[in-house]
1. Would you pick out the residues in the range 168-185 that are at pLDDT below 95 and touching a strand residue (DSSP E or B) at 6+ places or on another chain (Cβ under 6 Å)?
2. Restricting the search to the range 108-131, which residues are at pLDDT 95 or above and assigned to a helix (DSSP H, G or I)?
3. In the range 128-155, how many residues are near the ligand (Cβ under 8 Å from one of its atoms) and touching a strand residue (DSSP E or B) at 6+ places or on another chain (Cβ under 6 Å)?
4. Within the range 22-32, how many residues are in contact with a helix residue (DSSP H, G or I) (Cβ under 6 Å, 6 or more places away or on another chain), within 16 Å of the ligand (Cβ to nearest atom) and closer than 16 Å to residue 71 by Cα?
5. Taking residue 211, is it surrounded by fewer than 14 Cβ atoms within 10 Å (Cβ to Cβ) and either at pLDDT 95 or above or within 21 Å of residue 149 (Cβ to Cβ) (or both)?
6. Just one of the numbered conditions (1) within 16 Å of the ligand (Cβ to nearest atom); (2) touching a residue at least 40 places away in the same chain (Cβ under 8 Å) is not true of residue 237; which one?
7. Does at least one position in the range 58-67 carry a residue that is more than 10 Å from the ligand (Cβ to nearest atom) and under 21 Å from residue 104 (Cβ atoms)?
8. Please count how many residues of the range 76-89 are within 11 Å of the ligand (Cβ to nearest atom) and touching a helix residue (DSSP H, G or I) at 6+ places or on another chain (Cβ under 6 Å).
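The values are calculated or read from the model by the stated rules, or taken from the named source; none is laboratory data. Since the structure is predicted, the reported quantities are computational estimates derived from the model, not experimental observations. Every residue, glycine as well, gets a Cβ built from its backbone with ideal geometry; the counts of neighbours run over all protein chains shown.
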Ligand code: NAP
């Protein structure tokens, strides 16, 4: 790829954002031109992250930022409320976006899809950028055709704000597209402690584990007479997400619509 892709990022000080800044620095055809933060306004990303040569200035407001710089792609790794607001602003400004922030509901995605179409702007929203996790979801959808009984156990570090994870919900959505609708467990089951059976997505149970030491892990457990099938993915560090982020930044340059899930841009 010859063209340099000029990038604005929100969440650069965070765990995913700082890894993404590193990726941008290491990628010849990527250039970080600005960041958006609610702190350290007027400083550079390099000063805040202690990275030499990263001179991108920090803006307080995305709208203001996009009026002042010529961005090709906006990347967001913040939190649900900020990510939602930023995605709308970027689409309305006609700047293509890669959104890694999780917590977007089906309704949010549908609304943003319409907004992206109206503004003829490409967006990729991906609950998980790890290629192995994308395959885990695809394999789970395949298994969901043959196994009606399934429970999802997603496990993350204890600083994660949303539950279930975006990956957990997206996996349930993908399985629900092919699985015969079915309420998991005994019809008369009773929870003796609230939440014991986890969240309910179309009858599929999702259990969220939060522990220090974990990064991002998920098991999709299928059961049938006399057998179980376990599909598991583990991200051991945040580097695991970066090949997916790089791919999304490159592919969004060719899009004029919103794509939800990295699986939709992988063959
Ligand atoms: P994090 O370490 O808490 O980073 C979030 C960053 O956003 C923090 O530096 C935070 O600053 C900043 N922020 C908060 N409000 C802001 C605002 N209004 N404007 C600009 N920046 C703001 O979280 P993380 O682990 O990097 O995760 C970020 C998001 O990505 C979460 O939604 C997470 O679930 C998701 N995630 C996605 C993937 C994927 O593959 N798609 C993988 C891992 C995580 P303060 O701390 O000062 O508030």
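1. Once the filter is applied, which keeps residues that are at pLDDT below 95 and touching a strand residue (DSSP E or B) at 6+ places or on another chain (Cβ under 6 Å), the range 168-185 yields only 184.
2. 108, 109, 110, 111, 112, 113, 114, 115, 116, 117, 118, 119
3. In the first step, residues of the range 128-155 are kept if they are near the ligand (Cβ under 8 Å from one of its atoms); the result is 128-130, 133.
So of that shortlist, the ones also touching a strand residue (DSSP E or B) at 6+ places or on another chain (Cβ under 6 Å) come out as 130, 133.
Going through the range 128-155 one residue at a time, the tally reaches 2.
4. At the first step, the residues of the range 22-32 found to be in contact with a helix residue (DSSP H, G or I) (Cβ under 6 Å, 6 or more places away or on another chain) are 23, 30, 32.
From what is left, the residues that are within 16 Å of the ligand (Cβ to nearest atom) are 23, 32.
Keeping just the survivors that are closer than 16 Å to residue 71 by Cα gives 32.
Total meeting the criteria: 1.
5. Details: surrounded by fewer than 14 Cβ atoms within 10 Å (Cβ to Cβ): yes; either at pLDDT 95 or above or within 21 Å of residue 149 (Cβ to Cβ) (or both): yes.
Against the criterion (surrounded by fewer than 14 Cβ atoms within 10 Å (Cβ to Cβ) and either at pLDDT 95 or above or within 21 Å of residue 149 (Cβ to Cβ) (or both)), residue 211 qualifies.
6. Only one criterion is unmet by residue 237, namely (2).
7. Yes - at least one qualifying residue is present in the range 58-67.
8. Counting residues in the range 76-89 that are within 11 Å of the ligand (Cβ to nearest atom) and touching a helix residue (DSSP H, G or I) at 6+ places or on another chain (Cβ under 6 Å) gives 3.
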